[in-house]
Structure formats: structure tokens, C-alpha cells
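The values are calculated or read from the model by the stated rules, or taken from the named source; none is laboratory data. Small disclaimer: the values here were computed from a predicted structure and weren't measured. Every residue, glycine as well, gets a Cβ built from its backbone with ideal geometry; the counts of neighbours run over all protein chains shown. Calculation scope for accessible area: heavy atoms of the full protein, side chains included, ligands and nucleic acids excluded. Shrake-Rupley method; radii C 1.70, N 1.55, O 1.52, S 1.80 Å.
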Amino acid sequence: MLKFSGKSVYKGIVLGPAAVLKKTDQQVRRVKITDVDEELHRLLLACEKSKEQLRKLYEKAVKEVGETSAAIFEVHEMMLEDEDYLDAIHSMIRTELVNAEYAAAVTRDNFSEMFASMNDDYMKARAADVRDVSNRLIQNLKGEEELDFSELAPSVIVAEDLTPSETVQMDKEKILAFVTVHGSTNSHTSILARMMNIPAIIGVPVDLESIHSGMQVVVDGFSGEVIFEPDGTVCNDARKRMQEEQEKLTLLQTLKGKENVTLDGRTINIYANIGSVSDVGYVLENDAGGIGLFRSEFLYLGRNDYPTEEEQFQAYKQVVQTMAGRKVIIRTLDIGADKQVDYFHLGKEENPAMGYRAIRICLKEQAVFRTQLRALLRASVFGNLSIMYPMITSVEEVEAIFEIVEEVKAELEKDGITCKMPEQGIMVETPAAVMVSDELAKLVDFFSIGTNDLTQYTLAIDRQNERLDEFYNPHHPAIIRMIQMVVDNAHKEGKWAGICGELGADAELTKNFVRMGVDELSVAPSMILKLRKTIREMKISP
């Protein structure tokens, strides 16, 4: 058995096969060869296999995300046919009498370095493509099987770390648990795990080279332990505990269809946070009253160009139609910080969490913003849609946003396109927004408090920095007082205020939030019924 300890970000226990995601560049040894023709033939076969894999990925992507997003696989296939790239590998094999793996690795490094040093941002971005294609080629030369999530049986994902774009593209139905070497309790992967109600452990000091896909692994989200190749006793104990957890979940299902009302009659709205259209199933399955945070940036991740107005419209329309009249609050684009997208050309920032992100990008690059607003206003006709703007710091920002929205609506009407002005609110996630929330409440229809960023900015702690986890305290008195201030200022103007950060699912604070007057809690779908149970068993008055 191989046993490791890490930090749990979602409790639960699971036993299943590991799917080890090794994202580092393929490491190869330089080997002297004697048969050049044989080595070139090996290279040819590996190229053909790589292209076949890319064609399958393209076909799958076209069905799931459309031709535009799938185009990256066509680009990669073209790279494997590029004469300069192939000539460099061929020449090295012939002149230096080295194995194809080594020649491909050196060519990878040379070409990616060349692209990375160019002034043109588009060409710089090609460096990552060269590395990706080359690693695929080397993997096939070495005879290693590709980790294909589309063909994967339900598995425990084990990786160094996972980016937002990677987690967005995964088939969530096949993920039993997450185990990562790095990461923060507030990372995208952690949030995804909590949303999906699956165990997740970060900071696990496992050498990925010492394990392989297919190994049995126990992930214990209660103790923070990960056990590879567990013995019979450990497996039997895990199965017993998994059965007990399933029985608890079954009991929670009895709360479906019940109201979120306290023993003394106070009703609280419980909504769900989601990250893509496909997550709506989790919302309905867990009987959420609506969607309190729909992260629209999923439409921008994992692709090479901006999503069109029509692509966005279809996605938003599908969500509001599926929710059949229940409230759907869509947050406008929140790119930046930990969510980097190459084609936005944001550039490197020393402190991206406090940099060029979210509404700041939208107000500066209005063409992108207006395209999204057109799609949202069009989709609002098909259901109960609300728009929420992130990272607000001033009244002037809100006034500028509303002016743009009015212009977009007028343009649509002039073009004869049916649209509707939806309810508009803001995320309160900066101390500045808290302090002027009395003025902001006069302008907007609602507040949704983003406790993740509010905690980060109030405590001056980068929530992506795993070294600071012990200092990141969302229960800090300053955070609680800020929430109370926002709720009070909203109510003075007859507006509602909710919480859409991870703190909303904190069982220790649920009763406090209800007593503070919070009107809505938006949480991971997996937490809906647990919150309902807490609320139905409590009294507001002592």
C-alpha cells in the first residue's frame, strides 16, 4: 500500500481505479541508433497514430462544443504535417543517429522557445500547441496509452493540478474523486468537487511517476488520506463507509419538493452555483429553487477564439428554458486572475487577482461585452433570466454598465430582434462595494455577495496561494460584519441580498446568515438538500 495525506476540500469516501493525468513534458533519454530507416518508419507510424487520435478528438468536440471550439485539434493535426517541424526531427535522426523520441523532444523545445520569443501574441500562443503536439507524438513513440477522458471508466483523477479549462472539458459523470499534488482549497478544481458532491484532496505529496492509471485507490475526504493499492481490509472498510454515506444521501432525498422554511415561518431561497450548461442536470436533480450563479466564462475557456453571439444565445436560452421559470442569474464574463485565456492577450501580471479582470475587461473591451449582452437580452425572453456583474467597486461602474445595456437593447430593437430587459444585480466581492452598498442599492435590483473574493481582498490573501490557506479565514469578524452591512443596505432600498460564495454552504454559519436577514443562499448543487434540512430544523428567534 502507498498511503499519503493531504488537505480535504470535500468530504466523502470512494474506492475506484486511478486515472493519472501527467501533464509535464515527456522526458526521454538520448539513445544511439544504428538503423536510420527503421527509426524514421517508427516516427511515421507515431505521426499517423497521433493524427488519428486528433481526428477522433475533433469529431467528438464538434458534437459536444461545435466546430469553432473543435478547431484546435485540426490545428494540431496540421502541425504534424508541417515540413519545417518534421524536417527538423528527420535531420536530427539522420545526422546525430539518435532515437526519434529524443529528436522530437529537442525539436519541441527548440520550436516552442522560438514561438515564445516572438513579439506577436498569436505566435507566442503557438508555443503551447507545439509542446502539446510533440508530447502526444513522443507518447505514441514510447507506446504509452493516451488518457482519453471520453473512453474513461468512472475513475479517480490524479494530477499535479488542474486548470479551469481542463476541468470544464472533463466528463463529470466519470469523475469519482480528485487528488492533486498542488492546488488551493479555493481553486477551480476544489469548487468543482464541492459542486459535484465528490471527495477531493489537494496537497498530496505523491510522485506521479510512481503510480499509474488503473491502480485501485481509496480517497477518504474525511481524514484527507489517499491510499494506493489498498489491502483487503482497507477496501472492505471503504465499501462499508461508502454504503453508509449512500444511506445518508438517500435520507436527504426525502426533502425533495419540500419548502426551505424555518420552524417559525421564515422562507429562504436556496439556489445553485454552476459552471456550464451541462451542470443544469445537477441543479434539477438536487431540487434547487433556481440558479444563483451561472459562470458564463465556461463559454470562453478551452477554445481559440471568442464565442459568437449566437453560440452564447443558444447556451443561455437552453438553460433558462430547462429551468422552466425558475430564476437563472447569469454572471457576465469573469476572465482573468486564475482563469487565463490566450486569445484575450491579457499579458502577465504580478498580481492577477487584483489586476485586469472581470468587469474591468468588459468596460475596456466593449465589443466583447456588447456581444455577450446581446445574447443575454435575447435569451431573457425565454425564461426568468437575471444578469449579474462581477468585481464592482463604484457607482460610476454600474452607471457605465447600465448605459451600455440600454444602448445594446436599443440596437436589438432597431434590428427587429425580440429582447427583454432583465433584472440586473451586482456581485459584492470588494470592500469598496461593501462600503458604498447604500448607494449601489439605489441602482441595482439585487446584491449577491461573493464571499470567496471578498475574503481574499479583505484579508489581503491570494486564495490561489496554497501556502496561505491557514491564514484564509472566511469566518473572520470583518467578513461577517461586511455581509451584515450589505444585507441591511439592500433591505433599506427594498432589494434582496444573497450569498453566492462558498461561505453560503458553510453549515456553521447557515443559521447566522438566516438570522442576519440573508434572503438567498446559492451553493453547489450537492449542498441544496443539506441546507434545506438545516433551515427546516431551525428557529430564527432564540
Discussion item. Between helix 100-116 and the chain, what is the angle of the helix's C-alpha long axis to the longest principal axis, kept within 0 to 90° and rounded to the nearest 10?
Written reply: 50
Worksheet item: If you roll a 1.4 Å probe over the chain with all protein chains in place, what percent of the accessible area is carbon or sulfur?
Response: 50
Worksheet item: If you put +1 on each Lys and Arg Cβ and -1 on each Asp and Glu Cβ, how big is the dipole of the range 234-310 around its Cα centre, in Debye rounded to 20?
Response: 360
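Using a 10 Å cut-off on Cβ atoms, rank the peptides 534-540, 524-530, 497-503 from the highest mean neighbour count down.
Working: 534-540: 15.0, 524-530: 24.1, 497-503: 25.9.
Listed from highest to lowest mean packing, they are 497-503, 524-530, 534-540.
Suppose all protein chains stay in the model; what accessible area per residue would a 1.4 Å probe give for the chain, in Å²? Let's see the in-between values first.
Working: 24030 Å² over 542 residues.
For the chain, the solvent-accessible area averages 44 Å² per residue.
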Discussion item. Restricting to Cα pairs below 8 Å that are 6+ residues apart, what does the relative contact order work out to for the chain? Please round to a whole percent.
Written reply: 16
Worksheet entry | Nearest-ten-degree value, helix 232-252 long axis tilted from longest Cα axis of the chain | 30
Discussion item. Skipping prolines and chain starts, which residues have an amide H placed within reach, meaning under 5 Å, of the one on TRP496, given they are 5 or more residues away or on another chain?
Written reply: PHE447
Worksheet item: Where does the chain land at 222 nm, in deg cm²/dmol rounded to the nearest 500, when only DSSP H runs of n ≥ 4 count, each adding -39500 (n - 2.57), divided by all residues?
Response: -14000 deg cm²/dmol
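Ranked from highest to lowest mean number of other Cβ atoms within 10 Å per residue, what is the order of the peptides 304-310, 373-379? The partial results should precede the final answer.
Numbers: 304-310: 16.6, 373-379: 24.0.
Those peptides, ordered most packed to least, come out 373-379, 304-310.
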Fill in: Interchain or long-range residues, amide H under 5 Å from VAL428's placed H
SER448, ILE449, GLY450
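Among the DSSP beta bridges whose two residues both lie in the chain, what percent are antiparallel, rounded to the nearest 5? Walk me through the numbers before you get to the answer.
Numbers: 19 of 59 bridges.
Among the beta bridges of the chain, antiparallel pairing accounts for roughly 30 percent.
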Fill in: Mean Cβ count within 10 Å, highest first, over the residues of peptides 435-447, 258-270
435-447, 258-270
Worksheet item: Using alpha carbons only, how many degrees (0 to 90, rounded to 10) separate the axis of helix 83-96 from the longest principal axis of the chain?
Response: 40
Worksheet entry | Violating pairs (Cα-Cα greater than 28 angstrom) within the set LYS258/LYS420; LYS240/LYS533; LYS56/LYS172; LYS248/LYS539 | LYS258/LYS420
